[in-house]
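J.: Please see the structure below; I have some questions.
Computed from the coordinates by the stated procedures, all read-outs in this text should not be read as laboratory data. Being a predicted model, the structure only gives us computed values, none of them experimental. Methodologically, a virtual Cβ is constructed for each residue, glycine included, from the backbone with ideal geometry; neighbour enumeration extends over all protein chains shown.
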Amino acid sequence: MTTTTIGPDVTAGEAAGNHPRGEVRVCDTTGLAICTTAERFMKLHAVFAVVSLLIGGVAAILIGLTRWPAVHLLPADWYYRLVTLHGLDMLIVMILNFEIAILYFAGAVLLNSRLYSKSLSWATLGLMLVGAVMCNATVLMGKADVMVTSYVPLRADPQFYLGLILFSVGTLLGVINFFGTLYIAKRDHTYEGSVPLITFGATAAAIIAVVTLLHAATTMIPTYLWSINLLSSIDPEWYRVTWWGLGHMSQQVNVCAMVSVWYLLGHLTVGSKPLSEAVCRSAFLLYILFINLASAHHELVDPGVGATWKIWNTSYAMYLAVLASMIHGFTVPASIEVAMRAKGFQRGLFGWLANAPWSNPGFSGFFLSLVIFGFGGGITGVTLGTQQINIMAHNTLRIPGHFHVTVVGGTALAFMALTYYVVPLIFQREFYAKALCRLQPYLFAIGITTMSIGMSFAGSYGVPRRHWDVEFSGSPFAPAFDSGAHVMLGLLGVGAVIAFTAVLLFVLLVVAAVFFGRSNAGRPMEPWHVERGVTAAVRASHGAGEDEEHRTPGTLVLVLVFLASFAVYYFANWLWLSDVWHVR
Amino acid sequence: MSIRPPAAGWFKAPHGAERLWIGLALCWCLVMSIAMPYWHFYGKQNSTGEAYRVEPGAFAQRVQRFVATNQVGELNGIPIVQPAPGGDAYLQAQMWSWFPVLKLKKGQTYRVHISSIDLQHGFSLHPLNMNFQVLPGYDHVLTLTPTSSGEFTIICNEFCGIGHHMMAGRILVEE
Ligand SMILES: [Cu+2]
């Protein structure tokens, strides 16, 4: 029986660093040198993220209980208002705050450097805060019931667009700060050779973020001018194309950040290392080069953009970005398998998986995020993004059914899992109620998966998204939805309740730990798990030799099951499509 | 380790299971890449995005003319309009109604012109679950051949203000 220790991979003082006096501390668990300025801003952005998670979560449960036909909680205006608020606080405010914190970590901490600029960090935080408050207030006052997409000529109060612009500028400054940190770390030789994989992944995310934010400016600045009557009109198709250059690409920033977090948590929880640095890095490069084409997903049944444009953007190079995700989908679990086998868990195909530290919320959250993202999000996303299949899916509940398993079951869950290390390592506080911490990722995973299944199947019955009343009461031509659709909307509601319970639990656990937790300053964090049944003898007889390093039969079986599920779902959708009316 | 700079000489080609998987994944991506152009030429369901610029007012006039010349009845106070098989049909989206009710023949092909005279709307045909985007300023032409008969409901699936959830219309298809 041994306790898993995380480090020390980096011995303190190994590299010189460029920290000013008194602005660095050595992590007692990992041995990493931590820039205290970066640390302070990581804390502030983490708190900002958790607060917006709570606000967005409260909106989520109210929306979920409204879509559940048996409950139908909110009146129509508040339903649409909270859908807007929910999208804003979750997709934009919460996630980008987490990502800025990750950039500061991957830049300053992992490169043993100081953060590039303290004032830039304050400007980032300030603008993001002002922008978020402006948007939230405008929406809550009922002056911006425009959904997160705010498609023109639907009009919101100018303050809404201005808030978005300020928030985007703030985020851009944060990204510039990250690039500045990369520059001074290189200049001051704070590290040797190539940057670590996680910094590489974060750099990919940052590059995509810059392109995304340029799209944000291109869309939102003219729209703001239009809202204050300085421009007479905005072309709705132009708006949709440029807006999705922002809307979809921002999700690819999340994917890059999430994959980096997967590698980080694999390392922190079982000591894994990438199977092949070259493969992992090449996959990140594919994201940078090709992922922006994916934004065409949203205009597949639009007028005014032709079939050639639609097919080109959603096939060919776009699938190289899909390839990148499929590569990470193999290397992440494979690196876990190699690490676990090296520890002596050699039995059978899946002994390594069965003995994985499932009682460590950092591990369970990360691995569930991987499975949910891959099986749920990946398969549905690529299928819905197929030009013709989109005819059956556009603007139905299948769409949020898809992105709730990618962004929420994938990215948000990975960020929650990371928090179980951020609090003890960065805030230097121990969690209370460890049993509840261990339960939380499972509860959240079950809730969000149930909800997404409900959405996806309701959507396949034709139930629209962003829609208050599936009964269409008051309409002259009410459609009669299949009773199956009502069952699925009920499942959506039940899933939402479970997921919200898990979000609330998460917020309570984090707040209790951050404000009232026992300090662990001066000693390593309390480990989340104790490894089971590995004796020194077993370990010795199964040392990870060079030839052992690539033995991953279990992962190979898992990804083959994945590929088979993918093919079945994909071709089933073509079959369903061939059943509907002919259209050109 | 993923949190440390890798040892020098890290750029190595993949091998073993990893290499096999990259090959398999690439093949699958190629299959999916070919599927869309294949369906474009040989499949019956495609969104070609055919559209023409039109002023909302001008489109409303075309709809009125279409209704005046082809009306065959009335349903819930809304005209039922029967276009000639093979001809043009018009459908107008407006907060929060679809106008008029279309009466089509199964197996006949129509050029259905859809546009909005105010905000963006979504054309969603129930219970078939076929969905298209409707924009003001764009005459979106769907070359449509109903392959089943009966009563079909058009739902709006793009948020268009507070009465969005009441925006439904109808297409009747006879044998
Ligand atoms: Cu509408």
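J.: So which residues in the stretch B:50-80 are of a type in the set (Val, Ile, Thr) and outside any helix (DSSP H, G or I)?
T.: Matches in the stretch B:50-80: B:VAL54, B:VAL72, B:ILE78, B:ILE80.
J.: Pairs only if they're at least six apart or on different chains, beta carbon under 7 angstrom, first in the stretch B:1-30 and at the interface with chain A (Cβ under 7 Å from one of its Cβ atoms), second among the basic types (Lys, Arg); list them, first residue then second.
T.: Sorted first by the residue in the stretch B:1-30, then by its partner, the pairs are B:MET1/A:LYS273; B:SER2/A:LYS273.
J.: Another one. Of all residues in the stretch B:128-138 being touching a helix residue (DSSP H, G or I) at 6+ places or on another chain (Cβ under 7 Å) and over 15 Å from B:ARG170 (Cα atoms), which is surrounded by the most Cβ atoms within 10 Å (Cβ to Cβ)?
T.: Restricting to residues being touching a helix residue (DSSP H, G or I) at 6+ places or on another chain (Cβ under 7 Å) and over 15 Å from B:ARG170 (Cα atoms), the top hit is B:LEU135.
J.: Moving on to the next point. What are the pairs, 6+ residues apart or on separate chains, where a residue within the stretch B:102-124 that is of a type in the set (Asp, Glu) has its Cβ under 8 Å from a residue that is within 12 Å of the ligand (Cβ to nearest atom) and assigned to a loop (DSSP other than H, G, I, E, B)?
T.: B:ASP118/B:MET95; B:ASP118/B:CYS160
J.: Within the stretch A:328-343, is even one residue in contact with a Phe, Trp or Tyr (Cβ under 8 Å, 6 or more places away or on another chain) and at the interface with another protein chain (Cβ under 7 Å from one of its Cβ atoms)?
T.: Among the residues of the stretch A:328-343, at least one is in contact with a Phe, Trp or Tyr (Cβ under 8 Å, 6 or more places away or on another chain) and at the interface with another protein chain (Cβ under 7 Å from one of its Cβ atoms), which makes the answer yes.
J.: List the number of the failed condition for B:ILE80; all other conditions in (1) surrounded by fewer than 17 Cβ atoms within 10 Å (Cβ to Cβ); (2) in contact (Cβ under 8 Å) with a residue 12 or more places away in the chain; (3) within 14 Å of chain A (Cβ to nearest Cβ) hold.
T.: It fails just one condition, (1).
J.: If the requirement is being within 14 Å of chain B (Cβ to nearest Cβ), assigned to a helix (DSSP H, G or I) and surrounded by fewer than 20 Cβ atoms within 10 Å (Cβ to Cβ), which of these qualifies: A:GLY474, A:GLY484, A:GLY490?
T.: Working: A:GLY474 fails: assigned to a helix (DSSP H, G or I); A:GLY490 fails: within 14 Å of chain B (Cβ to nearest Cβ).
Just one listed residue meets the conditions, A:GLY484.
J.: May I pose another question? Anything in the stretch A:64-102 that is farther than 29 Å from A:PHE472 by Cα and either within 14 Å of chain B (Cβ to nearest Cβ) or over 14 Å from the mean Cα position of the chain (by Cα) (or both)? List them, or say none.
T.: Matches in the stretch A:64-102: A:ILE102 only.
J.: Mind counting the residues in the stretch A:504-521 that are hydrophobic (A, V, I, L, M, F, W, C) and assigned to a loop (DSSP other than H, G, I, E, B)? Spell out the reasoning first.
T.: Keep residues of the stretch A:504-521 that are hydrophobic (A, V, I, L, M, F, W, C), which gives A:504-516, A:521.
Okay, now just the ones that are also assigned to a loop (DSSP other than H, G, I, E, B), so A:521.
The number of residues fulfilling the criteria is 1.
J.: Say whether the condition of being farther than 26 Å from A:GLY57 by Cα, within 14 Å of another protein chain (Cβ to nearest Cβ) and touching a Ser or Thr at 6+ places or on another chain (Cβ under 8 Å) is met by at least one residue in the stretch A:162-184.
T.: yes
J.: So A:VAL130 clears everything in (1) more than 22 Å from A:THR242 (Cβ to Cβ); (2) in a loop (DSSP other than H, G, I, E, B); (3) in contact with a Leu (Cβ under 6 Å, 6 or more places away or on another chain) except one condition, right? Which one?
T.: The failed condition is (2).
J.: Output the number of the condition that A:ALA521 fails; it satisfies all remaining conditions of (1) of a type outside the set (Phe, Trp, Tyr); (2) surrounded by fewer than 24 Cβ atoms within 10 Å (Cβ to Cβ); (3) touching a strand residue (DSSP E or B) at 6+ places or on another chain (Cβ under 6 Å).
T.: The single condition A:ALA521 does not satisfy is (3).
J.: Suppose the filter is crowded, with 17+ Cβ neighbours inside 10 Å and farther than 26 Å from A:ARG398 by Cα; does B:ILE114 pass it?
T.: no
J.: Also: In the set A:ILE379, A:ILE391, which member is more than 21 Å from A:THR149 (Cα to Cα) and touching a residue at least 12 places away in the same chain (Cβ under 8 Å)?
T.: The conditions single out A:ILE379.
J.: Here's another thing I want to ask about it. Collect the residues in the stretch B:139-175 that are surrounded by 20 or more Cβ atoms within 10 Å (Cβ to Cβ) and among the polar types (S, T, N, Q), keeping them in residue-number order.
T.: Listed by number, the residues that qualify are B:THR153, B:ASN157.
J.: Anything in the stretch A:287-313 that is touching a helix residue (DSSP H, G or I) at 6+ places or on another chain (Cβ under 7 Å), more than 7 Å from chain B (Cβ to nearest Cβ) and not hydrophobic (A, V, I, L, M, F, W, C)? List them, or say none.
T.: Selection gives A:TYR287, A:ASN292, A:SER295, A:HIS297, A:HIS298, A:GLU299, A:ASN313.
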